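Reviewing the structure listed below.
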Amino acid sequence: MTIRPTLAAPDDDPFLWLEDVEGQKAQDWVEEQNARTLARFGDASFAADRDGLTAIFDRPDNLPYITRRGGLIYNYWTDADNPRGLWRRTTLDGFQSSETTWDVLIDIDALAKAEDEDWIWAGAVTFPGNHERAILRLSRGGGDAVVLREFDLVARGFVEDGFFLPEAKGGVEWLDADTLLLSSAHGEGRATDSGYARTVRRWQRGTPVEDAATIFETERSDLSVWADVDRTQAEETVWFINRSGFFSFELWIGDREGRQTRLDLPEDIWPLVDGDWLTLMPRTEWTVGGRTFAAGTVVATRLSSFVAGDRGFEVLFEPEERKAVQGFFWSGGRLILSILDNLMPVFQVLTPSDDSWSHTVLPGLPKIGVVNVSRLDLESTEGDGELLVNAQDPITPPSLSLIEPGKAPHLLRSAPKAFDATGLAVSQHEAVSEDGTRIPYVQVGPADTGGDAPIHLTGYGGFQISQLPHYNSAVGKLWLERGGTGVVAQIRRGGEFGPTWHEAGRRERKQLSHDDFAAVAADLVRRGVTRPQRIAAEGGSNGGLLIANMLTRYPDRFGALFCTIPLVDMRRYTKLLAGASWVDEYGDPEKPEDWEFLQHISAYHTADADRSYPPILLATTRRDDRVHPGHARKMAAKLQAMGCEAWFYEPAAGGHGYGKDNAERAAFTALGFRFLREAIGWNDGS
């Protein structure tokens, strides 16, 4: 049953000083905690795991993920010799050859050394049709905020007196070779309360960014704005997107001078415009033109007809209880729908003609696993509609295939095996949550566990993001290969079964998704797979909130918890970094009616000295500028003050992730697994 502890006074916070990320007192505390944790778990076993994972992450035959820009294949690559990475390119024929020759455009390690900066690659924006220039996005230490710098792809260097913008959250789109559309939080009054861009500016080459004309602006209380340029028609169109909330969008048709017409659409609808096609998926039931469409229905119409007032739509997909669209995109005149049918990946290809749509399905996809299909061409105005397919399952490494229109898939590359999967079985099961809802989960491990299996259980349950059983090198090498069992739970508030599955666990229903995760843990015991003391659970970010609530609400169902880059303090989360952007997901603690339900999932407040809790390791990074490291710091400090077995770890870099390079990510992960194994009595792998 659920534990509902007595709540602490919400504003009585003796550890508030730990929110001062760079404060000396807080940093001294962090260093003491790091030393304590590493002294306890940083032994020879940890070092061997760390080095083994690093070698896996750095393998020279790992799968290079690609995209095509202007006829050339681009890839960002890291390995042991290039920990920060290389941005490089080749031809498609060259990529398919046994000995690919790469043309290196920039070496981030060399750049970081030359400029004495902690540069981490964050992507590039090239100009369609003119691939001589790019805007590079460079992060210091892996944070979301980036520096923008113009780069010459021919000369292989930064453009003297080219476009340059200091560190801030946001980005750019090319309008033409000498003009950018800038959506950045840089500058006085340019940021929303969430820390993202609230204006779109037209920035001319050779002029100060302060003089860039503001052509679109929103309120500080909105989440963010950005712009996109559609060059598929004879006349260039600029689209302005105002993200008023996490799940709310306003679309404006405009031009270089600014917005002109807002599309008459509900804000909680997922829109996609490609040329003269408007494709829509409502998050809630939508009545329009005398018809009602259920949440998760995909409809389409001509954009020109819609703007003219026509509200007739072609229904392309209707959801079912366990069948939902995950996303959609256009490629080569075809609409691709990504569907999960009771967790099985399905991709429908829809081609419009004058009065109908033809439907086909991409063949040969796995029944359990993860399949991502995308355009080969990053810039949609190019190419003939070739598709890239990345397929994997818990015991099969990722592979990359190319599908040309009218042809069968062609295998391009396969990743090497990271662990020995001999004897492992993959199966799908269902637990029953406290309110009777069936919660699916996927299990991978030995067919016969003997009732005492060491379990690694993970979940997320938030923001309509699906949590699917992928090929996880770390879980495979550090858990499955040693005889353990891995479990991935598909709890409510995820996107596995569409917007209704997400809505079922949002805001005041958030604790239901936590009940779901606990139900999976209980079902593993009910089925005779294991016992509670052998269940080790891990989750990060919103999944860190999940794990913190397993500690305070369901402590008797777990043997150990690994809580990473977590959200924990639900009283102050909107005041910290990007927290204000998540009000649509969780609720607003400043409103008494919202705090009434939020207080019960605010693990920082519900932790009770009179309760017995399983061991927990909380880990974050100092450069996380999305979820404030103060969440993990304060929770660890409070638990330790209560006499609980709570450990803490915080590397200096990494952003909202586990490290800035493969070695740091391997160390972060290996430390967590070393802790979990010991805490459940499985430190020797037996």
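Quick check on segment 344-403: what does the Kirkwood estimate of hydrodynamic radius come out to from the alpha carbon pairs, in Å?
13.1 Å
To test your reading of the geometry: what angle, between 0 and 90 degrees and rounded to tens, separates the Cα axis of helix 24-41 from the longest principal axis of the chain?
Approximately 60 degrees, to the nearest ten.
Quantify how much of the Cα-Cα distance distribution of the chain extends past 43 Å, in percent. Show your work: numbers first, answer last.
On the way: 54337 of 234955 pairs.
Everything past 43 Å amounts to 23 percent.
Roughly how many whole Å is it from the C-alpha centroid of segment 127-160 to that of segment 506-540?
Cα centres, segment 127-160 to segment 506-540: 44 Å.
Once you place label points 7 Å from the Cα toward the Cβ at Asp556 and Glu481, how far apart are they in nm?
Each label point is offset 7 Å from its Cα along the Cβ direction, giving 3.8 nm.
What FRET efficiency comes out for Trp357 versus Ala609 if R0 is 56 angstrom and r is the Cβ-Cβ distance? Round to the nearest 0.05. Working shown, then result.
Numbers: r = 62 Å, r/R0 = 1.11.
The calculated FRET efficiency here is 0.35.
Estimate the FRET efficiency between Asp51 and Glu188 by the formula 1/(1 + (r/R0)^6), using the beta-carbon distance for r and 60 Å for R0, to the nearest 0.05. Mind showing how you got there, number by number?
Details: r = 48 Å, r/R0 = 0.79.
With R0 = 60 Å, the Cβ-Cβ based efficiency is 0.80.
Measuring from label point to label point, each 7 Å out along Cα→Cβ, what is the Thr179 to Met642 span in nm?
Distance between label points: 5.8 nm.
Cα centroid distance between segment 304-371 and segment 579-603, in Å?
35 Å
Kirkwood hydrodynamic radius for segment 222-315: how many Å is it when counted over pairs of different Cα atoms?
On the way: mean 1/r = 0.0724 Å⁻¹.
Final number for the Kirkwood radius of segment 222-315 is 13.8 Å.
Once all Cα-Cα distances of segment 269-314 are split into 5 Å bins that start at 0, what whole-number percent is in each one?
6, 24, 32, 26, 11, 1
What's the percent breakdown of Cα-Cα distances in segment 196-240 across 10 Å bins, shortest bin first?
25, 41, 30, 3
Any idea of the accessible area per residue across the chain, 1.4 Å probe, to the nearest Å²?
Details: 26410 Å² over 686 residues.
Computed with neighbouring chains in place, this is 38 Å² per residue.
At 7 Å along the Cα-to-beta-carbon direction for both Thr292 and Ala234, put a label point, then send me their distance in nm to one decimal.
4.3 nm
Going by average Cβ neighbours within 10 Å, how do the peptides 414-421, 328-335, 462-469, 492-499 rank, with the highest at the top? Walk me through the numbers before you get to the answer.
Values: 414-421: 17.0, 328-335: 18.9, 462-469: 21.1, 492-499: 24.4.
Ranked from most to least packed, the peptides come out as 492-499, 462-469, 328-335, 414-421.
Which GluC sites (Glu not before Pro) in segment 204-247 sit in a loop by DSSP (not H, G, I, E or B) and have at most 13 other Cβ atoms within 10 Å of their own Cβ? It would help to have the intermediate numbers written out before the result.
Values: sites: Glu210, Glu217, Glu219, Glu235, Glu236; in loops: Glu219, Glu235, Glu236.
Sparse-neighbourhood loop GluC sites (Glu not before Pro): Glu219, Glu235, Glu236.
Tally up the carbon and sulfur contribution to the accessible surface of the chain as a whole percent, 1.4 Å probe, everything protein left in place.
Details: 12480 of 26410 Å².
Carbon plus sulfur share of accessible area: 47 percent.
Of Lys169/Lys417; Lys25/Lys575; Lys113/Lys575, which sit over 28 Å apart, Cα to Cα?
Working: Lys169/Lys417 37 Å; Lys25/Lys575 21 Å; Lys113/Lys575 36 Å.
Distance filter (> 28 Å) returns Lys169/Lys417; Lys113/Lys575.
Based on Cα positions only, what radius of gyration and what Dmax would you give for segment 48-194, in angstroms?
Just the Cα atoms of segment 48-194 yield Rg and Dmax of 16.7, 53 Å.
Give me D for segment 246-366 in µm² s⁻¹, whole number, from Stokes-Einstein with Rh from the Kirkwood sum over alpha-carbon pairs, 4 °C and 1.567 mPa s.
84 µm²/s
Taking 1 over the mean of 1/r across every pair of different Cα atoms in segment 435-587, what Kirkwood radius in Å do you get?
So the Kirkwood estimate lands at 15.7 Å.
Quantify how much of the Cα-Cα distance distribution of segment 499-581 extends past 19 Å, in percent. Don't skip to the answer; put the middle values down first.
Details: 1449 of 3403 pairs.
So the portion of pairs separated by more than 19 Å is 43 percent.
Where both partners of a DSSP beta bridge lie in the chain, what percent of those bridges are antiparallel, to the nearest 5? Could you put the intermediate results ahead of the total?
On the way: 129 of 151 bridges.
Counting only bridges with both partners in the chain, antiparallel ones make up about 85 percent.
If I take R0 = 60 Å and measure r between the Cβ atoms of Lys591 and Ala110 in this structure, what FRET efficiency does the formula 1/(1 + (r/R0)^6) give, to the nearest 0.05?
It comes to 0.75.
Label 7 Å along Cα→Cβ of Lys407; segment 64-97 residues with amide nitrogen under 19 Å?
In segment 64-97, the label zone of Lys407 (backbone N under 19 Å from the point 7 Å along Cα→Cβ) covers 66-74, 90-97.
In whole angstrom, note down how far apart the Cα centers of segment 258-277 and segment 467-489 are.
41 Å
By average Cβ neighbour count within 10 Å, what is the ranking of 473-482, 562-571 from highest down?
Working: 473-482: 22.1, 562-571: 27.2.
Answer by packing, highest mean first, reads 562-571, 473-482.
Order the peptides 127-136, 650-659 from the highest to the lowest mean number of other Cβ atoms within 10 Å of their residues. Intermediate results must be reported in sequence, preceding the final value.
Numbers: 127-136: 17.9, 650-659: 21.4.
In descending order of packing, they fall as 650-659, 127-136.
Dimensions of segment 316-457 along principal axes (Cα, Å, largest first)?
The Cα atoms of segment 316-457 stretch 60, 41, 22 Å along the principal axes, largest first.
222 nm [θ] for the chain, helices only, -39500 (n - 2.57) per DSSP H run of 4+, per residue, to 500? Kindly include the intermediate steps, with their values, before the conclusion.
Working: 14 runs with 135 residues, N = 686.
Calculated at 222 nm, the ellipticity per residue is -5500 deg cm²/dmol.
The values are calculated or read from the model by the stated rules, or taken from the named source; none is laboratory data. None of these values were measured; they are calculated from a predicted model. Note: ideal-geometry Cβ built from the backbone for every residue, glycine included; neighbour counts use all protein chains shown. For accessibility, only protein heavy atoms count, side chains too; no ligands or nucleic acids. Shrake-Rupley method; radii C 1.70, N 1.55, O 1.52, S 1.80 Å.
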